[in-house]
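Participant: One structure, pasted below without further comment.
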Amino acid sequence: MTDTSTAAPAAWSRARRRAKEARDEEFTAFVEAAGTRLRRSAYLMCRDWHLAQDLTQHTLAKMYAAWDRVRTKASVEAYSRRVLMNVVFDQQSRRSGSEIVLADLPDRAGGEPAGAPELRVTLVDALARLDVRDRAVLVLRHAEDHSVETVASILGLSVSAVKMRNARALERLRTLLGDEFRQLCG
Amino acid sequence: MDGHLRDRFDEAVAGDPGLAPGALARAAMAEGGRIRRRRTGLTAAGAAVLVVAAGGLAVANLPRDAGPPPVTIAAAMLPAPASSCSVEPVEEGATDLAVFLGTAATERQRAAVEAAVHGDTRIGAVVFESRQSAHQRFVSLWADNPELVAAIDASQFPDSFRLRLVAAEQDAAVRARLAAMPGVEQIIGHRCPVDAPVGGLW
């Protein structure tokens, strides 16, 4: 390999710099528009704001590294969710022991009274007890309001698989969260 | 129902400590730039494939003058997943597999694995990566790090078969079959879209 960059004419170098500036500007605009929602979804997936920030940054970094290709996609937003969920799944499989922390949370059967407020299982805690892909379905479908079809394409699942996972995960949330949630979900 | 549920999700993120999007964008661009430079190097080297450190390979720290970040031979030989695939290997449900033979695998064992992967209808595509080409790519990729290049020769790289499965559901069965074959040292799986390089590794 010869290094052409040292021999590059100044004009080429300037054009390259301008292209980078334009790319950075466009990418920054995307982060400003989508970054907060992406980070919040990451939080719902991992229950930790610091980790959520790392996962989001990593997601955005991967997108930036391929921005020239990514920017031409029909939906950069949907693509960003696909990259995020892949990053989350990878992180999850790497730290698959971490969910044990939650193992002593009781499953609350229907008729049981709710415990003291500080003992109540929050939505985020309950989400953490779901299969990570079921959790992704709930977050994309209900926190982000994507259609079943969009969720399916983001996660690379069939529409029926998304519906099945959605129903199963909602049922599990009802069990974990008890009456209050049951009323909300009908 | 969905409206209520949506409200619950909104409440759940109410504790958002906040983060300036500009800071997030800058951090992502810095990290993304590093990924990009690394990948450009890979492309220039001919879609280089980094090869997994096979079994008995010693992990040696390079001299400190190699500069930050410190690079170990094992890390440098680790396969880089293709950018569109899962970052980390997956244990199940992989769409793509990289089957590494041991460095001591015989030609007969290699031929048997080759016949097995070509004859298996659950495998849609096969690419063979020889230890020589794996080594060449390693040399090109790490051309700016002569200590690293000098520390390792082609015999320390394994041959590998890169596979794309017809269906991810068959991952476990295909892996089990190939892992049982003599000469197979390690199998690494990734989830990849169809446009990724076969095997999921660069």
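The values are calculated or read from the model by the stated rules, or taken from the named source; none is laboratory data. Worth saying up front: this structure is predicted, and the values here are computed from it rather than measured. Cβ coordinates were reconstructed from backbone atoms using ideal geometry, including for glycine residues, and neighbour counts include every protein chain displayed. These accessible areas exclude ligands, DNA and RNA; they are computed on the full protein's heavy atoms, side chains included. Shrake-Rupley method; radii C 1.70, N 1.55, O 1.52, S 1.80 Å.
Participant: Out of (1) within 24 Å of residue A:76 (Cβ to Cβ); (2) open to solvent by 10 Å² or more (accessible area, probe 1.4 Å); (3) part of a helix (DSSP H, G or I); (4) touching a residue at least 12 places away in the same chain (Cβ under 8 Å), what's the single condition that is false for residue A:175?
Facilitator: Of the numbered conditions (1) within 24 Å of residue A:76 (Cβ to Cβ); (2) open to solvent by 10 Å² or more (accessible area, probe 1.4 Å); (3) part of a helix (DSSP H, G or I); (4) touching a residue at least 12 places away in the same chain (Cβ under 8 Å), the odd one out for residue A:175 is (1).
Participant: Identify all residues within region A:128-145 that are among the β-branched types (Val, Ile, Thr) and modelled with pLDDT under 95; write none if there are none.
Facilitator: A:132
Participant: A further question follows. In region A:65-76, which residues are within 8 Å of chain B (Cβ to nearest Cβ) and in contact (Cβ under 8 Å) with a residue 40 or more places away in the chain?
Facilitator: As a first pass, look at region A:65-76 and keep what is within 8 Å of chain B (Cβ to nearest Cβ): A:65-67.
The answer is A:67, and nothing else.
Participant: Keeping to region B:1-21, report how many residues are within 7 Å of chain A (Cβ to nearest Cβ), surrounded by fewer than 17 Cβ atoms within 10 Å (Cβ to Cβ) and modelled with pLDDT of 85 or more. It would help to see each step written out before you state the result.
Facilitator: Let us first name the residues in region B:1-21 that are within 7 Å of chain A (Cβ to nearest Cβ), namely B:1-2, B:4-6, B:8-9, B:12-13, B:16-17, B:19, B:21.
The next check asks that each one be surrounded by fewer than 17 Cβ atoms within 10 Å (Cβ to Cβ); those that pass are B:1-2, B:4, B:6, B:16-17.
Filter once more, keeping what is modelled with pLDDT of 85 or more: B:6, B:16-17.
Count: 3.
Participant: Output the residues belonging to region B:111-130 that are farther than 16 Å from residue B:200 by Cα and either in a strand (DSSP E or B) or open to solvent by 40 Å² or more (accessible area, probe 1.4 Å) (or both).
Facilitator: Selection gives B:111, B:112, B:114, B:115, B:118, B:119, B:121, B:122.
Participant: Could you go through region B:131-145 and let me know if any residue there is of a type in the set (Asp, Glu), at pLDDT below 90 and assigned to a helix (DSSP H, G or I).
Facilitator: Within region B:131-145 (the criterion being of a type in the set (Asp, Glu), at pLDDT below 90 and assigned to a helix (DSSP H, G or I)), the answer is no, since none of the residues qualifies.
Participant: Hey, among the residues in region A:19-35 that are open to solvent by less than 50 Å² (accessible area, probe 1.4 Å) and without any contact (Cβ under 8 Å) to a residue 40 or more places away in the chain, which one's farthest from the other protein chains (Cβ to nearest Cβ)?
Facilitator: A:24
Participant: For the list (1) closer than 23 Å to residue A:82 by Cβ; (2) free of Cβ contacts under 8 Å to residues at least 40 places away in the same chain, I need the number of the one condition that residue B:189 fails.
Facilitator: (2)
Participant: Of everything in region A:47-57, what is more than 7 Å from every other protein chain (Cβ to nearest Cβ) and either open to solvent by 30 Å² or more (accessible area, probe 1.4 Å) or without any contact (Cβ under 8 Å) to a residue 24 or more places away in the chain (or both)? Give them in sequence order.
Facilitator: A:47, A:48, A:50, A:51, A:52, A:54
Participant: To continue, here is another question. So, of the residues in region A:140-154 that are touching a residue at least 12 places away in the same chain (Cβ under 8 Å), within 16 Å of residue A:37 (Cα to Cα) and in a helix (DSSP H, G or I), which turns out to be most open to solvent (accessible area, probe 1.4 Å)?
Facilitator: A:141
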